[in-house]
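Each reported figure results from applying straightforward, stated rules to the coordinates on display, with no laboratory input. Keep in mind the model is a prediction, meaning the values are calculated, not measured. Ideal geometry is used to build each Cβ from the backbone, glycine not excepted, and the neighbour counts take in all protein chains shown.
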Amino acid sequence: MDIARPAFVPDPSLSREAMERLQEEIADAARFTDELGFDPESVGVAGDSDQQRLGDRPDSPLVAGVDQAFDGDDAVSAVVVSRGNEVIERVHAVEPTEIPYIPGLLSFREGGAILSALAELDSDPDVLVVDGSGRIHFREAGLATHIGVTVDCPAIGVAKNLLCGRPRESLADPLSEGTRVAIEADGEVTAPDGTVIGYAFQSRQYDSPNQSINPLYVSPGYRVSAETAVDIVEQCGGGYKLPEPTRLADSYADEVKRDL
């Protein structure tokens, strides 16, 4: 994949203030509406339902899962491109991390390795599913947004923890499988108060009341709405908590790390 907006390539040498200003520019360039080159209902994996079988058609979209592992100070970025249940391509890149983890500035730590991995692709994904936040971010420019805007590709963020925002309903009690709870902008987020910036999505849940699985936090990264983002993640379920694209990328990143 080519860089569409070189000015947005994350530069870890910038000051914190400059990083935050760049994120504001990225958020201004981001579009959180559906501008997809495919029918979202054509995405599907690992199942027997009519919906999931649609994902195996030759005209189904290419979905790229993006995740990272770490080997000391090096970031191992893995990208796995699939069409339905078929893995089309796997690529990776290893880049040194130049700054520590700072909440809200993850893309400046990990973004370079991700862009290096995407540059290795022969295929042209229709959508990126990134392990990290999109619009659920203080300045509406999380990792998925930063990457999506930079390469001009629809992107979705799937995070395991809530960075910011206000759940519309309490998440204190375990949610039943399939439940969606809107995450709204609050005083920490630059979007107008009450704007839906993503969803807590309960992808899987135990049947037993004695144990529970935490929800995922799904948000639009670029050229996709919050509602469609969670629709696509649900259709990419694959039987695990993580959507199949990022689960495969996570596994591949660990594989590359073991071989280093």
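Taking amide H positions as placed in the peptide plane 1.01 Å from N, state which residues far from T179 in sequence (5 or more) or on other chains have amide H under 5 Å from it.
Q202
Report the relative contact order of the stretch 6-259, percent, no decimals, based on alpha-carbon pairs under 8 angstrom and at least 6 residues apart. Display every interim value, and only then the final one.
On the way: 637 pairs, mean separation 58.4, N = 254.
Across the stretch 6-259, relative contact order equals 23 percent.
Quick one: length gained pulling D152 to D173 fully straight, 0.36 nm per residue minus the C-alpha distance? Please list the in-between numbers first.
Values: separation 21, 0.36 × 21 = 7.56 nm, distance 3.82 nm.
Taking D152 through D173 to full extension adds about 3.7 nm, to one decimal.
Between P209, P167, P58, find the one with the highest GNM mean-square fluctuation for the chain; connect C-alpha pairs within less than 10 Å.
P209
Compute the length gained on full extension between V94 and A7: take 0.36 nm times their separation in residues and subtract their Cα-Cα distance, giving the result in nm to one decimal. Please list the in-between numbers first.
Values: separation 87, 0.36 × 87 = 31.32 nm, distance 2.21 nm.
Length gained between V94 and A7: 29.1 nm.
Where does the chain land at 222 nm, in deg cm²/dmol rounded to the nearest 500, when only DSSP H runs of n ≥ 4 count, each adding -39500 (n - 2.57), divided by all residues? Walk me through the numbers on the way to the answer.
On the way: 6 runs with 68 residues, N = 260.
That comes out to -8000 deg cm²/dmol.
Applying a 10 Å radius around every beta-carbon, put 154-166, 28-40, 188-200 in order of their mean neighbour count, most first.
Values: 154-166: 23.2, 28-40: 15.1, 188-200: 18.9.
Ranked from most to least packed, the peptides come out as 154-166, 188-200, 28-40.
Of the listed values (1) 53; (2) 47; (3) 66, grab the one calculated as percent of Cα pairs over 23 Å apart from the structure here.
(2)
What distance in nm separates the two pseudo spin-label positions at D73 and D254, each 7 Å out from Cα along the beta-carbon direction?
2.7
List the residues, sorted by chain then number, that are 5 or more residues from I197 or on another chain and whose placed amide H is less than 5 Å from its amide H.
Sorted by chain and number, the residues that satisfy this are I183, E184, A185.
Exposure proxy check: F108, F8 ranked by fewest other beta carbons within 10 Å?
On the way: F108 24, F8 21.
Lowest count first: F8, F108.
Give me the percent relative contact order of the stretch 171-232, please, defined on Cα pairs under 8 angstrom at least 6 residues apart. Write out the running numbers ahead of the final one.
On the way: 98 pairs, mean separation 17.7, N = 62.
The value is 29 percent.
What's the exposure ranking of H92, H137, going from fewest to most Cβ atoms within 10 Å? Show your work: numbers first, answer last.
Numbers: H92 22, H137 34.
Least to most surrounded, the residues fall as H92, H137.
Order the peptides 214-223, 177-186, 121-130 from the highest to the lowest mean number of other Cβ atoms within 10 Å of their residues. Spell out each step's value before the answer.
Values: 214-223: 26.8, 177-186: 18.0, 121-130: 21.4.
Per-residue Cβ counts within 10 Å, averaged per peptide and sorted highest first, yield 214-223, 121-130, 177-186.
Applying 1/(1 + (r/R0)^6) with R0 = 35 Å to the Cβ-Cβ distance of S208 and N85, what FRET efficiency is obtained, to the nearest 0.05? If you can, show how the numbers build up before the last one.
Values: r = 29 Å, r/R0 = 0.84.
Efficiency, from the Cβ-Cβ distance: 0.75.
Convert each backbone phi in the stretch 90-104 into a coupling constant with the Karplus relation 6.51 cos²θ - 1.76 cosθ + 1.60 (shift: θ = phi - 60°), then list the ³J(HN,Hα) values in order as whole Hz, x for Gly and Pro.
Using θ = phi - 60°, the values come out as 10, 9, 8, 8, 10, 9, x, 8, 9, 9, x, 5, 10, x, x Hz.
For Cα pairs less than 8 Å apart in space and 6+ apart in sequence, what is the mean separation divided by the residue count of the stretch 70-190, i.e. the relative contact order in percent?
On the way: 199 pairs, mean separation 22.8, N = 121.
Relative contact order for the stretch 70-190 comes out at 19 percent.
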